[in-house]
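Here the structure comes first, spelled out in structure tokens, and everything after it is commentary.
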Amino acid sequence: MQVSKSRYDQQMFLLYGLIEQLESPVLILDKNDQLQHANPAVSRLFSVPWQTLKQKSAQKLGLIKLNGFWTFDEKNPLSAQNSQKKWQIRQSEFKDNNNNYQLLMLNNISQELQKNEQQAWQNIIRILNHEVRNSLTPISALSQNLLEMPDLSPEQYQQAITIIDSRSNNLLAFIDSYSDLAKLPSPTYQQFDLAELLQGVARLVQQVTVNLSSPLMIKADKGQLEQVLLNLIKNGKEAQLANGKVKDKKTMGTLAKDIEVQVFKTGQQVIIKVLDQGCGIANSANLFVPFYTTKETGSGIGLALSRQIISNHQGELTLNNRTDLADTSGAVATITLPLVYK
């Protein structure tokens, strides 16, 4: 027992020693959510020696716990709306002398967010440049021809003006699509049965299999969630058409395969998966870039709009190639939403 205690003390000494050397602020709270230990980075963050903050409650330090996760109080100068820096709180628990403690590490993610924002702007500018040039180049060329070739027949004039009008309307439609992202309203939460919504979508679209039959009450914007599901199912059906018909193992014939919708419930989340047997994902880097599309008639707005809707619900939308199919390709779109209502 003495050897075990000695080893344990050495491990705890090493833990506290590592905390002291970290550049990120680290706070250790006891079972009553009171500060028991911190590192020099906390002193620099609060501009006072951390020892003067010892035994203070987390609430007085500007920290609150929501649904089991620590975050900054809105009045805290370090909160997202009050600080130029963006902080992420990582948390874990450990025991010391049979006492439970919580370890909170504050990470400054401002630089990473700036990199992501810069990358997003570069992607948008690249797509804008491509689309605007596609419209303005023929307009400019035709306009120049009209100025330099006065002997054109009325039919040629009419043809050139028709092309200019068409390209101008396409450019206006492109700008309108861009404004859809900027004007997306915040979710209007309501309580509804997810199973009922999915069954309604399946009846509307057809050739959709839903594996959820029992009621599952959630809180979300029903209309916006339905829009996302319809878009993902539509994409899956188009991918299957592009990939040709799917072979049936039993009959070795071909058939139009259903889109499958799976639902999973965990303690904190609802997970909705939309699975297809289409051509899979060739370029995952540009999937959610606004106006990027591989379809001849696509606008490139659907996935970007869908992800924005799910993000506004504090959820996540991902799209990956399927790995569970041995004889064909396919993709799976995964929606993860917080389970507000159980």
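The values are calculated or read from the model by the stated rules, or taken from the named source; none is laboratory data. This one's a predicted model, so the numbers in the text were calculated from it and none came from an experiment. Positions of Cβ are backbone-derived with ideal geometry, glycine not excepted, and every protein chain shown enters the neighbour counts. These area figures cover heavy atoms from the full protein model, side chains too; ligands, DNA and RNA do not enter into them. Shrake-Rupley method; radii C 1.70, N 1.55, O 1.52, S 1.80 Å.
Structural remarks
- Phi angles of the range 262-272 translate, via the Karplus equation with coefficients 6.51, -1.76, 1.60 and θ = phi - 60°, into HN-Hα couplings of 10, 10, 10, 10, 10, x, 10, 9, 10, 10, 10 Hz per residue; Gly and Pro are given as x.
- Val208 sits among other residues whose Cβ lies under 15 Å from its own Cβ, and their net charge, with Lys and Arg +1 and Asp and Glu -1, is -1.
- Thr71 contributes an accessible area of around 50 Å² to the protein surface, as traced by a 1.4 Å probe with all chains present.
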